[in-house]
Amino acid sequence: MGNVAVVLETDAIRSFAEAARSHNPAYRLADRPVVPPTFLPADGFGAVAGERVETDHRFFGPPPRAGDQLTAIRSIAGDPVDKPAVTAAESLTRYFDRTGGLVAESWAAAGPVAGEPASPQAAALLATYATDWLGAENIRRFRTRVVRPLPPGDVMTCSGHVTQSYVQDGESRVDVTLAGADAAGEVVVRAWATFARD
């Protein structure tokens, strides 16, 4: 894939947030809502072979907003500048703003979960829990691992805790670990996230 021009649309962000059951005003009410953590795909608006089992979304400052014009550049397997290396079952897309500054990158690894398709919905629901807790505009990294499928219509219970507080790039930050469990109490998705703190 070459470069793809991406204009972040308000309606697309709001629809994504609604599907993730978020009522956060940063997504739903703001004139220029920020993107949810799992909104920018690792496949650069193309296709990843298989279902996304692991994802890693990084933001190099506050997340992009509706109206922002980005350029998505997908890394190709074997590209010597790939960090981390990208294989056929992986995808890495970097998102640049109009000035050429790197604003975000999304990585995904594809594969089955216990022989069944993985559900990106579980990761989006866990992201909603995290951003409702720590702030949608404060997300800096959101890494997920789908452990098992979330049955359609099942309820997911989310939990999380702060693992460390520190200063990086002049920002106070916290790292958190998160988990989402199905109605039987089985973990379906885990996440590790970093948020800026005021």
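The values are calculated or read from the model by the stated rules, or taken from the named source; none is laboratory data. Computed from a predicted structure; not experimentally measured. Accessible surface is based on the protein model in full, side chains and every heavy atom, while ligands, DNA and RNA are left aside. Shrake-Rupley method; radii C 1.70, N 1.55, O 1.52, S 1.80 Å.
How much length, in nm to one decimal, is gained on full extension between LEU102 and LEU29, taken as 0.36 nm per residue of separation minus their Cα-Cα distance? Don't skip to the end; give the middle numbers.
Details: separation 73, 0.36 × 73 = 26.28 nm, distance 2.65 nm.
Stretched out fully, the LEU102 to LEU29 stretch lengthens by 23.6 nm.
Could you compute how much accessible surface ARG141 exposes when probed at 1.4 Å, giving the result in Å² to the nearest 10?
70
Which order do HIS23, HIS161, HIS57 take when ranked by solvent-accessible area (1.4 Å probe, heavy atoms of all protein chains), largest first?
Details: HIS23 145, HIS161 105, HIS57 10 Å².
The residues order as HIS23, HIS161, HIS57, largest area first.
Give me a comma-separated list of calculated 3J(HN,Hα) values for the range 172-179, in order, Karplus coefficients 6.51, -1.76, 1.60 applied at θ = phi - 60°, integers in Hz, x for any Gly or Pro.
6, 9, 10, 9, 10, 10, 9, 8
So how much accessible area does VAL167 have, in Å² to the nearest 10, using a 1.4 Å probe?
Counting only protein heavy atoms, VAL167 exposes about 110 Å² to solvent.
Rg/Rh for the range 118-180: what does it come to with C-alpha atoms and Rh from Kirkwood? Show your work: numbers first, answer last.
On the way: Rg = 13.1 Å, Rh = 12.9 Å.
Ratio of gyration radius to Kirkwood radius: 1.02.
How far, in nm, would the chain grow between ARG197 and ASN3 when pulled straight, counting 0.36 nm per residue and subtracting the alpha carbon separation?
Details: separation 194, 0.36 × 194 = 69.84 nm, distance 3.34 nm.
Extra length available between ARG197 and ASN3 comes to 66.5 nm.
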